[in-house]
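Enquirer: Structure below; questions to follow.
The values are calculated or read from the model by the stated rules, or taken from the named source; none is laboratory data. These numbers come from a predicted model, not from an experiment. A quick note on method: Cβ atoms are made from the backbone with ideal geometry, for glycine too, and the neighbour counts reach across all protein chains shown.
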Ligand code: DX5
Ligand code: ZN
């Protein structure tokens, strides 16, 4: 087993969530965020069953794929991820993140996504303990801790989830796993510092990137915050 990855050498990634962008000018939002320093894009797929909202499907992922070379992190807030992972892989998703609370068998989803040749992540809602993901961490390429209840952008960060971020960090480090540890929901500069200090490495940010001001300035502020948080991380 390899030694734990020291905090300073971890790559910190900013992933704007396109749910907060203007859908009427999505190509422009993608271009601006990429030029402004985004490391990946986060795409929130909602089916109206797993969550009380409906967003978009593979066709939109494919449209984004055609406009950027950055990795696409596809967050499947859907009841039956197993049925759809192939469609999202074909659409150009680089990591397919399913919810352990959904109806599909997690191990089957992991096997299927790996067979498709892309990365697989598992996500937990704020009310789901880390123990639900713990048994499968070794087979995951991404662990996503939600810091709001899935369904809508622009909600307030729930600080209680930071203890799960710390638990996930410890587990990934013990395994020597390079898997991104994602935090999703209510990430603004102030909460980004906390999340980074707790060990998150992948920061989904929706409203804080697209809702006001300049995309590049917003990304710069978030970048400074996550760097500051990582410096504060005590290990
Ligand atoms: C919520 C989504 C999030 C959300 C993030 O269900 O999974 O990715 O769009 O948006 P902000 O950063 O505005 O909370
Ligand atoms: Zn998301």
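Enquirer: Which of the residues that make up the stretch 71-86 are more than 20 Å from residue 150 (Cβ to Cβ) and more than 16 Å from ligand 2 (Cβ to nearest atom)? If you could, list the steps in order and put the result at the bottom.
Expert: At the first step, the residues of the stretch 71-86 found to be more than 20 Å from residue 150 (Cβ to Cβ) are 71, 86.
Correct list: 86 only.
Enquirer: Residue under question is residue 70, and the condition is that it be modelled with pLDDT of 95 or more and not in a loop (DSSP other than H, G, I, E, B); does it hold? Steps first, answer last, please.
Expert: Details: modelled with pLDDT of 95 or more: yes; not in a loop (DSSP other than H, G, I, E, B): no.
Against the criterion (modelled with pLDDT of 95 or more and not in a loop (DSSP other than H, G, I, E, B)), residue 70 does not qualify.
Enquirer: Give just the number: which of (1) within 15 Å of residue 145 (Cβ to Cβ); (2) touching a helix residue (DSSP H, G or I) at 6+ places or on another chain (Cβ under 8 Å); (3) assigned to a helix (DSSP H, G or I) does residue 209 not satisfy?
Expert: (1)
Enquirer: Just a yes or no: is a residue in the stretch 165-182 within 12 Å of ligand 1 (Cβ to nearest atom), within 28 Å of residue 54 (Cα to Cα) and either at pLDDT 95 or above or surrounded by fewer than 21 Cβ atoms within 10 Å (Cβ to Cβ) (or both)?
Expert: As a first pass, look at the stretch 165-182 and keep what is within 12 Å of ligand 1 (Cβ to nearest atom): 182.
Subsequent filtering for residues that are within 28 Å of residue 54 (Cα to Cα) retains 182.
Remaining after also requiring either at pLDDT 95 or above or surrounded by fewer than 21 Cβ atoms within 10 Å (Cβ to Cβ) (or both): 182.
Yes, some residue in the stretch 165-182 is within 12 Å of ligand 1 (Cβ to nearest atom), within 28 Å of residue 54 (Cα to Cα) and either at pLDDT 95 or above or surrounded by fewer than 21 Cβ atoms within 10 Å (Cβ to Cβ) (or both).
Enquirer: Would you confirm whether or not the stretch 104-113 contains a residue that is within 16 Å of ligand 2 (Cβ to nearest atom) and within 18 Å of residue 182 (Cβ to Cβ)?
Expert: Going residue by residue through the stretch 104-113, those that are within 16 Å of ligand 2 (Cβ to nearest atom) are none.
No, the stretch 104-113 has no match at all.
Enquirer: Continuing with this model, one more query. May I ask you to say which residue of 98, 88 is buried (at least 16 other Cβ atoms within 10 Å of the Cβ), within 14 Å of ligand 1 (Cβ to nearest atom) and closer than 14 Å to residue 42 by Cα?
Expert: Values: 88 fails: within 14 Å of ligand 1 (Cβ to nearest atom).
Checking each option against the conditions leaves just 98.
Enquirer: With within 23 Å of residue 19 (Cα to Cα) and surrounded by fewer than 19 Cβ atoms within 10 Å (Cβ to Cβ) as the only criterion, which of 117, 57 stands out?
Expert: 57
Enquirer: Determine, yes or no, whether residue 39 is modelled with pLDDT of 95 or more, crowded, with 18+ Cβ neighbours inside 10 Å and over 26 Å from residue 200 (Cα atoms). Reasoning before the result, please.
Expert: Details: modelled with pLDDT of 95 or more: yes; crowded, with 18+ Cβ neighbours inside 10 Å: yes; over 26 Å from residue 200 (Cα atoms): no.
Spelling it out, it is not the case that residue 39 is modelled with pLDDT of 95 or more, crowded, with 18+ Cβ neighbours inside 10 Å and over 26 Å from residue 200 (Cα atoms).
Enquirer: Being surrounded by fewer than 24 Cβ atoms within 10 Å (Cβ to Cβ) and either touching a strand residue (DSSP E or B) at 6+ places or on another chain (Cβ under 6 Å) or under 23 Å from residue 215 (Cα atoms) (or both) is the filter here; which residues of the stretch 44-54 pass it? Even if it seems obvious, please write down each step before you answer.
Expert: Going residue by residue through the stretch 44-54, those that are surrounded by fewer than 24 Cβ atoms within 10 Å (Cβ to Cβ) are 46-54.
Within the stretch 44-54, 46, 48, 50, 51, 53, 54 qualify.
Enquirer: Also, I was wondering about something else. Regarding residue 225, is this residue within 16 Å of ligand 2 (Cβ to nearest atom), in contact with a helix residue (DSSP H, G or I) (Cβ under 8 Å, 6 or more places away or on another chain) and assigned to a helix (DSSP H, G or I)?
Expert: Details: within 16 Å of ligand 2 (Cβ to nearest atom): no; in contact with a helix residue (DSSP H, G or I) (Cβ under 8 Å, 6 or more places away or on another chain): yes; assigned to a helix (DSSP H, G or I): yes.
Answer is no for this residue.
Enquirer: Of the numbered conditions (1) within 15 Å of ligand 2 (Cβ to nearest atom); (2) part of a helix (DSSP H, G or I), residue 174 fails exactly one; give the number of that condition.
Expert: (1)
Enquirer: Checking residue 13 against (1) farther than 23 Å from residue 140 by Cα; (2) surrounded by fewer than 22 Cβ atoms within 10 Å (Cβ to Cβ); (3) touching a strand residue (DSSP E or B) at 6+ places or on another chain (Cβ under 6 Å): exactly one of these is not met. Which one?
Expert: Of (1) farther than 23 Å from residue 140 by Cα; (2) surrounded by fewer than 22 Cβ atoms within 10 Å (Cβ to Cβ); (3) touching a strand residue (DSSP E or B) at 6+ places or on another chain (Cβ under 6 Å), only one is false for residue 13: (1).
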